[in-house]
Amino acid sequence: MKDFPLGDLNPAQQEAVVYCEGPLLVLAGAGSGKTRVITYKYAYLTRVMGLPPSSIFAVTFTNKAAEEMKERIFRMCNGNWKNTWIGTFHSLCTRILRAHIENIGYKRDFIIYDEDDQVGLLKRILKDLNMHEALCKCVVTKISNLKSNLITPEDYISNTEGYEFEERLGKIYMRYQNELRRYNALDFDDLILCVIKIFNEDEDLLRRYSEQFRYILVDEFQDTNKSQYKLLQLLCKNHEKICAVGDDDQSIYKFRGANVHNILNFEKDFPNTKIVKLEQNYRSTKHIILASSAMISKNPMRKPKTLWTDKDWGEKIFYCRLNNEEEEAKYIAKNIKELYLKGDYEYRDFAILYRLVLQARALEEALRMEGIPYQVISGVSFYHRKEIKDIIAYMRFILNKEDNVSLLRIINTPPRGIGLSAISKIETEAKKHMISSYEAIKRLIKEDSVSANLKEKLAGFVSLIEELSEKNYKDAASMIKDILNYTAYLEEIEEDRIQNVLEFLSSAEKISVRDFLDKVALLSNIDTWENKKNYVSLLTLHAAKGLEFPVVFISGCEEGILPYFKALEDPLELQEERRLFYVGMTRAKNLLFLTSARQRKLYSKIQKQDSSSFIKDIPPEYCVCFRKDYSTFTPDKNEPEVSKIKPPFVIGCKVKHPTWGIGIVRDCYGEGEDLKVVVNFPGIGVKKLAPKIVNLERV
């Protein structure tokens, strides 16, 4: 204990590190050094309490955070243990499933489907059921939410009798799960659900893991969903040695299934819980801390915290109200250029945050006009680029010939003359004989009714796959090299895509094919982002969580945008929007700019905009407000501003169509001119409509 560096921590951090007797909830405010606490606690458990690394189940939400946690722990503990359990929920569950998934009828060489793969599978299911493919994204989200809440297809179907849309969704969900099992594939949610299923069906195995994991350490606990929380409860139910670190004020992923009640009700689930609050902020200035704290304190459903800092007061928050989105974007670009030219900041020190992706257009244009380099972080992940997904599909199919999603991606990539009509024949043959599409191809090669030309092309594809499958690959890179050589893939793509493939190849060296495929399947956009280039960062508020920048701009601080219009009629959703704004504010270290526009093009027309109600919850002593002419003003909470925008459509509202009559809105997609509304018309069915084109009247 004498050589353990507790002196490096403040008193609250020390308390969180040394308490190991029972359940512990660490309420870690923004910028309070929670990663430091987690690192030191892990080291304390091993160096002082004597727990072996294999007995600590340390889990977080992104691979980037997990790798950072590992690196810090290894440095502090002077070792690089092979048998550690430090990772994301999905990666650690994958590890358990590779050992035990046969218990529930899958093979150990299962593949993991990302969202693109899910969409591909569901489009085919919807087509078979004569349903609109446009519903696909909606169905992916709804199925994910059902899984995160531990609702099986059977459970859902039994509780939706008499509701047409829900009954059809239940059939889709059931078919989707059956197809996944047939392909020996799991989606992200299944990774956790299958572990829970294994543990529920095998008490001895659960006891074994529970005894192995003598301490559970959870980062970002506020982001857990019901299934993740259930897994944690199973693992620690015999000892309750769990430390949950999180901040309810930063729970912003309800749309992904995250349940803020997990952290709010932790003490009820674990009655002997000790609570430690980390309230000293090491990131931001006093003005930023006090302003953001005052704003978030308006949320009624939260655990109170009082953040403070030893840092200077710094500049007050700047709030500027411009005439429109173009002026707003120019104002932001102008300030970035001025601060950069003064020499105080590099471009990499700036971040522009926004609620809606559509806001990026005007911002990008203004930055280009000023000659400011920028990067949009919320763009396509490196591993989701077409050329990378193509190579991954080949790798997956070589390992698993049941994977129809990958087969359909590669069968004519690069082009080998196997068109849509041929693919239709393959699928018909597969359904007719209840076999995989690959087996159907082999049957068609022998069919007299198939043309010699098509037989030759199909036989060439089968020969290619069989030859690639016969080899024993020392690592993933060697498989990729063979795929590229045998398919001549690089000859069919542009130079910039070739460079992406070569970069992908270099990342696959000295790692097994299975481990590499697991790794890339579980990566997200933010995992692959690095702030090394001297670019201004543009990203959504949701994507900004966990990051920090010296200077932050939050654009679009208006009612209907932030908070988003769908939240205006739901108190719980409105609280989440406030938390989202709080996350954005607390990303700033030195300077924070808030901007809004008096009018903005939304929903295909120019809308007059109110300032965000959240702005009015910032005490005036912490904020300097400017109008377009940069004269100061103080927002009056009682000032009658222009009328607030009325959200045109919200889920559950009634609308009138000129032909189909009255219907119920089931969902909304897109923004601005791309807004789409899914409506269920009795006797007609579900229709996807564009309000820009169709005259829909809210009733």
What does the accessible area of TRP85 come to, in Å² to the nearest 10, when a probe of 1.4 Å is used? 10
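Among the chymotrypsin sites (Phe, Trp or Tyr not before Pro) within segment 135-183, which fall in a DSSP loop and have no more than 15 other Cβ atoms within 10 Å of their own Cβ? Walk me through the intermediate numbers first.
Numbers: sites: TYR156, TYR163, PHE165, TYR173, TYR176, TYR183; in loops: TYR163, TYR183.
Loop-located and lightly packed - TYR163.
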For segment 314-376, run through the trypsin sites (Lys or Arg not before Pro) and keep only the ones in DSSP coil with at most 16 other Cβ atoms within 10 Å of their Cβ. LYS342
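Any of LYS254/LYS510; LYS241/LYS311; LYS123/LYS601; LYS386/LYS566; LYS342/LYS533; LYS254/LYS401 with alpha carbons more than 27 Å apart? Name them for me. Let's see the in-between values first.
Numbers: LYS254/LYS510 38 Å; LYS241/LYS311 35 Å; LYS123/LYS601 32 Å; LYS386/LYS566 33 Å; LYS342/LYS533 20 Å; LYS254/LYS401 36 Å.
Listed pairs above 27 Å: LYS254/LYS510; LYS241/LYS311; LYS123/LYS601; LYS386/LYS566; LYS254/LYS401.
Among the listed pairs LYS316/LYS532; LYS34/LYS303; LYS34/LYS589, which are separated by more than 23 Å between their Cα atoms? Don't jump to the answer; show the numbers that get you there.
Values: LYS316/LYS532 29 Å; LYS34/LYS303 17 Å; LYS34/LYS589 17 Å.
With Cα atoms farther than 23 Å apart: LYS316/LYS532.
With a cut-off of 8 Å between alpha carbons and a minimum separation of six or more residues, what is the relative contact order of segment 152-300 in percent?
Normalised by residue count, the contact order of segment 152-300 is 16 percent.
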Sorted by chain and number, the residues with a modelled amide H under 5 Å from that of THR88, at a separation of 5 or more or across chains, are THR60
With a 1.4 angstrom probe the carbon and sulfur portion of accessible area for the chain, in percent, totals 48
What relative contact order, as a whole-number percentage, does the chain give when Cα pairs under 8 Å and 6 or more residues apart are counted? 16
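Work out the length of the dipole vector of the chain about its Cα centre, built from +1 on the beta-carbon of each Lys and Arg and -1 on the beta-carbon of each Asp and Glu, and round it to the nearest 20 debye. Show your work: numbers first, answer last.
Numbers: 104 positive and 100 negative charges, 107 e Å.
That gives the chain a dipole magnitude of about 520 debye.
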Probe 1.4 Å - accessible area at GLU456, Å² to nearest ten: 130
Measuring from centroid to centroid over Cα atoms, what is the spacing of segment 106-154 and segment 232-308 in Å? 32
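Using a 1.4 angstrom probe on the protein heavy atoms only, could you order ASP448, ASP403 from most to least accessible area?
Working: ASP448 145, ASP403 0 Å².
Correct descending sequence by accessible area is ASP448, ASP403.
Order LEU341, LEU121 by their accessible area, 1.4 angstrom probe, all chains in place, largest first. Don't skip to the answer; put the middle values down first.
Numbers: LEU341 125, LEU121 0 Å².
Solvent-accessible surface, decreasing: LEU341, LEU121.
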Can you give the accessible area per residue of segment 423-462, in Å², using a 1.4 Å probe? 57
Mind computing the radius of gyration and Dmax over the alpha-carbon atoms of the chain? Å is fine for both. 27.0, 84
Just how large is the dipole of segment 467-614 about the Cα centre, in debye to the nearest 20, putting +1 at every Lys and Arg Cβ and -1 at every Asp and Glu Cβ? 780
Below 16 Å, Cα to Cα, which lysines can LYS298 reach? Residues fewer than 8 away in the same chain don't count. LYS616, LYS637
Excluding residues on the same chain fewer than 8 positions from LYS305, give the aspartates and glutamates whose Cα lies under 14 Å from its Cα. ASP247, ASP248, ASP249, GLU279
Rank these by accessible area, largest first, 1.4 Å probe: LYS510, LYS432, LYS545. LYS510, LYS432, LYS545
Rolling a 1.4 angstrom probe over the protein chains, ignoring ligands and nucleic acids, what is the accessible area of GLU447 in square angstrom, nearest 10? 60
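With the other protein chains left in place, how much accessible area per residue, in square angstrom, belongs to segment 176-300 at a 1.4 angstrom probe?
Numbers: 4550 Å² over 125 residues.
Here the residues of segment 176-300 average 36 Å² of exposed surface.
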Per residue solvent-accessible surface (Å²) - segment 479-583, probe of 1.4 Å: 40
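About the Cα centre of segment 548-594, how large is the charge dipole given +1 on each Lys and Arg Cβ and -1 on each Asp and Glu Cβ? Please answer in debye to the nearest 20.
Details: 5 positive and 8 negative charges, 67 e Å.
Roughly 320 debye, rounded to the nearest 20.
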Which far-off residues, 5 or more places away or on another chain, put their amide H under 5 Å from the one on CYS625, with H placed in the peptide plane? TYR319, PHE633
For segment 570-576, Karplus-derived ³J(HN,Hα) couplings (6.51, -1.76, 1.60; θ = phi - 60°; whole Hz; x for glycine and proline) come out as 9, x, 5, 5, 5, 5, 5
Using Cα pairs closer than 8 Å and at least 6 residues apart in sequence, work out the relative contact order for segment 19-109, in percent. 25
Taking placed amide H atoms and a strict 5 Å upper bound, the residues 5 or more places from ALA28 or on another chain that come that close are GLY246, ASP247, LEU278
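The values are calculated or read from the model by the stated rules, or taken from the named source; none is laboratory data. On a predicted model such as this, the values are computed, not experimentally measured, just so you know. Every residue, glycine as well, gets a Cβ built from its backbone with ideal geometry; the counts of neighbours run over all protein chains shown. The area values use the complete protein model at the heavy-atom level, side chains included, leaving out ligands, DNA and RNA. Shrake-Rupley method; radii C 1.70, N 1.55, O 1.52, S 1.80 Å.
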